[in-house]
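Colleague: Sharing a structure, written as structure tokens. Questions coming.
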Amino acid sequence: MPATDYQASFLGRISIRRNQVIAMDGNHEQELQDLELFSKHVSERFAELLSSPDDVPFDALLSISWLRKLLDFFLCCEAEFKGILMMGNDPSQISKPPLDRLIPEFLDRSVKALDVCNAVTNGLESVRHYQKLAEIVVSALEQKPIGDGQSRRAKKALTSLISAMNVDDKECSAAKATERSWSFSRRGVSSKDRVPEHFRSVSNHVAKNWSAAKQIQAMTNNLVPPRGAEGSGLASPVYTMSVIMVFVMWALVAAIPCQERNGLSAIHFPAPKQLNWAQSITGLHEKIGEEWKKKEKKGTAGLLDEMQKMEKLGNILMDFTDSFQFHGDITDQKAEEAAAHAAELAEPCRRMEEGLLPLQMQIREVFHRIVKTRTELLNALDQVGKSSPPLL
């Protein structure tokens, strides 16, 4: 069943329960079933992501289409999570232990996630720049016959492309950042604050001393699995959604150029084996982490599958243009090989052309969904506070 069908069915189930008058024991039993179903949906969605075949370009790990699927799953999980937490339950529950502690922590993570969404959106502009450079290379080398002018044009674009894709995180971001910088968390937005209206867009730059790795590391603070009786209550979905949020932000930062990512592979979050979704998320974390370790030492713009292919083919074609410039002429076989590699390079360019804008729109949707849920939770906390009897 598609993720959206799961979501509609699940939320309909909770909505019906909310409008029913049933005994307290029955309500608790129904809540346990909802929690189990939510956990099952999370497990199935991330198992699908883990099983994506690497030999199928459109579904390869950290490809544009894979990231879009990840964000789609995040939105579905987030909708179900909010349904469990706020539909069919006494609103006062979120102000009682352990939620009186867990909800503010969740809200703080949400603020940090907004920063990451903005940083990743800025990083997509770098990806578009790589795409334009690669398209120049393709255009130059698809000419027949390849002359000195085409070779020089391709070499100039390749030099810029390879240099840009291997630039240090700090240098790359500092060149693009402006003094009109922001950071929700750096501005002191606490779990009790609302995000101002003029910050509700994904268009500003991050501060020059902002670190994506440190931001995500901060999101893992106090992220511990519920213990004992808490594991069968609402603390469980709060923990599950927190892990999903951290993982999604971590994967986006690993894939797309972001500022200051040193130590990204060292970020871990606990996922006890008894949780049915833990194996899939842990497996994805390990696969992506291993790839990041390989690339981190050499310097990389990111693990986005299309960028990886672009870099590999760019280096091959750079050797070709170097040879052309040195020898002044090339054999027909070499020209055919270059044309074939240029055609291969056109494929990730095409996937970027088709997928980057929808990906950016999904990140924007995630951003605004986080803001909306955060606001609703804050409103619920306010209502509970106003309805509580005054202390004597």
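Colleague: With no solvent and one equal point scatterer per Cα, compute the Debye intensity ratio I(q)/I(0) for region 216-292 at 0.16, 0.17, 0.22 Å⁻¹ and report its log10, rounded to two decimals.
Modeller: Debye curve over Cα of region 216-292, log10 I(q)/I(0) at q = 0.16, 0.17, 0.22 Å⁻¹: -0.59, -0.66, -1.03.
Colleague: Considering only protein heavy atoms, with the full assembly of protein chains and a 1.4 angstrom probe, order Glu353, Glu311, Glu78 by accessible area, largest first.
Modeller: Values: Glu353 110, Glu311 30, Glu78 10 Å².
Correct descending sequence by accessible area is Glu353, Glu311, Glu78.
Colleague: Still on this structure, I have one more. Counting Lys and Arg as +1 and Asp and Glu as -1, each charge on the Cβ, what is the dipole of region 61-138 about the Cα centre in debye, to the nearest 20? All intermediate terms of the calculation are to be shown ahead of the outcome.
Modeller: Numbers: 9 positive and 10 negative charges, 33 e Å.
I would put it at about 160 debye.
Colleague: Can you divide the C-alpha Rg of region 275-392 by 2.2 N^0.38 Å and report the result to two decimal places?
Modeller: Working: Rg = 25.4 Å, N = 118, 2.2 N^0.38 = 13.5 Å.
Taking N as the residue count of region 275-392, the ratio is 1.89.
Colleague: On to the next question. From the residues Leu71, Met86, Ser52, which one has its Cα farthest along the dipole of region 30-101 in the positive direction, the dipole being from +1 and -1 charges on Cβ of Lys/Arg and Asp/Glu about the Cα centre?
Modeller: The Cα lying farthest towards the positive end belongs to Met86.
Colleague: Near Lys96, which lysines are there with a Cα under 25 Å away, not counting those fewer than 8 places off in the same chain?
Modeller: List returned: Lys82, Lys112, Lys192, Lys372, Lys386.
Colleague: While we're here: Can you give me the solvent accessible area of Lys293 with a 1.4 Å probe, rounded to the nearest 10 Å²?
Modeller: 100 Å²
Colleague: Now for a separate question. With r defined as the distance between the Cβ atoms of Glu142 and Arg68 and R0 fixed at 22 Å, what FRET efficiency is calculated, to the nearest 0.05? Intermediate values should be presented prior to the final figure.
Modeller: Working: r = 29 Å, r/R0 = 1.30.
Calculated value: 0.15.
Colleague: Now, a different point. Assuming R0 = 25 Å, what is the FRET efficiency of Arg350 and Ser51, from their Cβ-Cβ distance, to the nearest 0.05? Present the calculation step by step, with values, prior to reporting the outcome.
Modeller: Working: r = 25 Å, r/R0 = 1.01.
Efficiency, rounded to the nearest 0.05: 0.50.
Colleague: Length gain on complete extension for the stretch Lys273 to Glu337, per 0.36 nm per residue less the alpha carbon to alpha carbon distance?
Modeller: Numbers: separation 64, 0.36 × 64 = 23.04 nm, distance 4.92 nm.
Extending this stretch completely gives an extra 18.1 nm.
Colleague: Past 18 Å, Cα to Cα, is the threshold; run Lys132/Lys294; Lys132/Lys312; Lys155/Lys334; Lys69/Lys214 against it and keep the listed order. Numbers along the way, then the final one.
Modeller: Numbers: Lys132/Lys294 27 Å; Lys132/Lys312 16 Å; Lys155/Lys334 16 Å; Lys69/Lys214 26 Å.
Correct reply: Lys132/Lys294; Lys69/Lys214.
The values are calculated or read from the model by the stated rules, or taken from the named source; none is laboratory data. Not measured: the values here are computed from a predicted model. All Cβ positions, even for glycine, are placed from backbone atoms using ideal geometry, and neighbour counts span all protein chains on display. Accessible surface is based on the protein model in full, side chains and every heavy atom, while ligands, DNA and RNA are left aside. Shrake-Rupley method; radii C 1.70, N 1.55, O 1.52, S 1.80 Å.
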